[in-house]
1. Out of all the residues in region A:42-72, which are at the interface with another protein chain (Cβ under 7 Å from one of its Cβ atoms), within 15 Å of B:Arg35 (Cα to Cα) and at pLDDT 75 or above?
2. Give the residue that is modelled with the lowest pLDDT, with candidates limited to residues of region B:29-41 that are within 10 Å of chain A (Cβ to nearest Cβ) and more than 18 Å from B:Arg87 (Cβ to Cβ).
3. Kindly list, by first and then second residue, each pair from a residue in region B:57-70 that is under 17 Å from B:Thr21 (Cβ atoms) to a residue that is surrounded by fewer than 11 Cβ atoms within 10 Å (Cβ to Cβ), limited to pairs with Cβ atoms under 6 Å and residues at least 6 apart or on different chains.
4. Just to be sure before I move on: is B:Ala25 assigned to a helix (DSSP H, G or I), within 10 Å of chain A (Cβ to nearest Cβ) and modelled with pLDDT under 90 in the structure I sent?
5. Which numbered condition in (1) modelled with pLDDT under 85; (2) at the interface with chain B (Cβ under 9 Å from one of its Cβ atoms); (3) crowded, with 21+ Cβ neighbours inside 10 Å is the only one that A:Asp202 fails?
6. I'd like to check something: does region B:143-156 contain any residue that is of a type outside the set (S, T, N, Q), on the phi < 0 side of the Ramachandran plot and under 11 Å from the mean Cα position of the chain (by Cα)?
7. Can you find even one residue in region B:2-20 that is part of a helix (DSSP H, G or I), modelled with pLDDT under 90 and within 13 Å of another protein chain (Cβ to nearest Cβ)?
8. Taking the criterion of being under 30 Å from B:His59 (Cα atoms), modelled with pLDDT of 85 or more and surrounded by 16 or more Cβ atoms within 10 Å (Cβ to Cβ), would at least one residue in region A:140-162 satisfy it?
Amino acid sequence: MNTHRPDDWLDLNLEAFLDGLLPPDQHAEFLRLAERRPDILQHIADQRQLADSLRAVYRQPAIAPGPQPLPAPPQARSSILRRLLPLAAAAAVALVAILSLRPGAPAANQPLYAEYQRQADRGFIPDEVCTSDEAFADWTRQAFGHALVPQNSAGQPAVQIVGWCNRPIFSVYTGVLLARSDGRGIVVLIDKAAAPHQPPHDSARGPQHVFTRTVGGLHLYEVSPFPEARVIGRIVSAQ
Amino acid sequence: MPRPAQQAATAAPTAEHDFATLLQAARPRLWLVARAILSNDADAEDCLQDAAIIGLTKHNAGEFTPGTNFEAWMGQITRYAALNALRKRRPHGRRDDPASRPPPPDADRADPLRDALARLDETARLCLVLRIVGGLPYAAISAIAGIPEGTAASHVHRSQRALRGWLATARSQGDLS
């Protein structure tokens, strides 16, 4: 017996839809359903507005430039604690100093981190939703003059191409591909221009990992919370 | 054949990873854990410092197994630190009963969304924030909050429904642009 209430069905599918986790055919079906159901459209709009509002409430404050003062350590109750606590406190002072400093990310990668944060603030919702590999190939062909397609990689973490938008980051042609893996957003910047004066490069420093690759003359820059590239390794030139 | 993607310089967490490096990478999500429970930035920052000291002490005592999920481990420590801080604020011996909570401070009353968030149970608010703002999968939320994944998902869905009610009210009152 199906014990799911209608609200549960909508919540589950709405969440999967907004997270880009529905298979392409179900994603397209949900879109068609939403177009016929104003209440579902309103739910989608409400959910996006709620997500934007929550991100504004819980926006992390900028880290102060200098080390923060630590609270005084508690009085030790035993000789062991009396020896350990000063060491822990000294290490924690160094730790807070480290935490107070901006990460030592390469300057050339800063536009990537900024774009990642911008997309995170928007909930990784694209301007154009990816409905098929053919749609992805059409977009890359029209935007960059060279068609790309994603390849499945057996044994690799699942990745959902959510969609894309265009942003003038390295040139007026820079495309921003949005993907999801394990429920977390990945941003891939694509540009056909010759590498900028200071090209981004692979780095594990900074708020996200950065990976780079060139395919068919196009430069791909993956900005990801994961320690391994999950998207750009699968993108190949279309036949 | 296209060139393989170049790999990041950092390998998966190992015993050699510095605690500070791991903590710095996890800091944005840990801040969300503290902030979701404590409801203001200053208390969240204090809680993070307390949790960092506790975590460092436990890490040096060998209580963290290298290669396991550092963020989930520190997330639990941060959650306990935040709940302890919250308990110290409440009148002694008083259980957490949403109906008996004092009304939100005037600053929150001026903001209907913050008011609505303050009326959620701490665990529900934590799950909601980690999911919507932190973008964490339910498995990670479950590990931090110490509840089953299905329960975490229920918290998120019910909280969203409650807050969508706030949206409808705010819209009808013209509070939203």
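1. If the condition is that a residue be at the interface with another protein chain (Cβ under 7 Å from one of its Cβ atoms), within 15 Å of B:Arg35 (Cα to Cα) and at pLDDT 75 or above, then A:Leu54, A:Arg55, A:Val57, A:Tyr58, A:Gln60 are the ones that fit.
2. Residue satisfying both the conditions and the ranking: B:Asp41.
3. Correct list of pairs: B:Pro66/B:Thr14; B:Pro66/B:Ala15.
4. Numbers: assigned to a helix (DSSP H, G or I): yes; within 10 Å of chain A (Cβ to nearest Cβ): yes; modelled with pLDDT under 90: yes.
It is true that B:Ala25 is assigned to a helix (DSSP H, G or I), within 10 Å of chain A (Cβ to nearest Cβ) and modelled with pLDDT under 90.
5. Here A:Asp202 meets the rest and fails (3).
6. Filtering region B:143-156 down to residues of a type outside the set (S, T, N, Q) leaves B:143-150, B:152-153, B:155-156.
With on the phi < 0 side of the Ramachandran plot added as a condition, the list becomes B:143-145, B:147-150, B:152-153, B:155-156.
Remaining after also requiring under 11 Å from the mean Cα position of the chain (by Cα): B:144-145.
Yes, the conditions are met somewhere in region B:143-156.
7. Let us first name the residues in region B:2-20 that are part of a helix (DSSP H, G or I), namely B:19-20.
Subsequent filtering for residues that are modelled with pLDDT under 90 retains B:19-20.
Restricting the remaining residues to those that are within 13 Å of another protein chain (Cβ to nearest Cβ) gives B:19-20.
Looking through region B:2-20, at least one residue is part of a helix (DSSP H, G or I), modelled with pLDDT under 90 and within 13 Å of another protein chain (Cβ to nearest Cβ).
8. Step one: list which residues in region A:140-162 are under 30 Å from B:His59 (Cα atoms), which gives A:157.
Within this subset, residues satisfying the condition of being modelled with pLDDT of 85 or more are none.
No - not one qualifying residue is present in region A:140-162.
The values are calculated or read from the model by the stated rules, or taken from the named source; none is laboratory data. As the structure is a prediction and not an experimental result, all values here were calculated from the model. Here the Cβ is made from the backbone with ideal geometry for all residues, glycine too, and neighbour counts use every protein chain on show.
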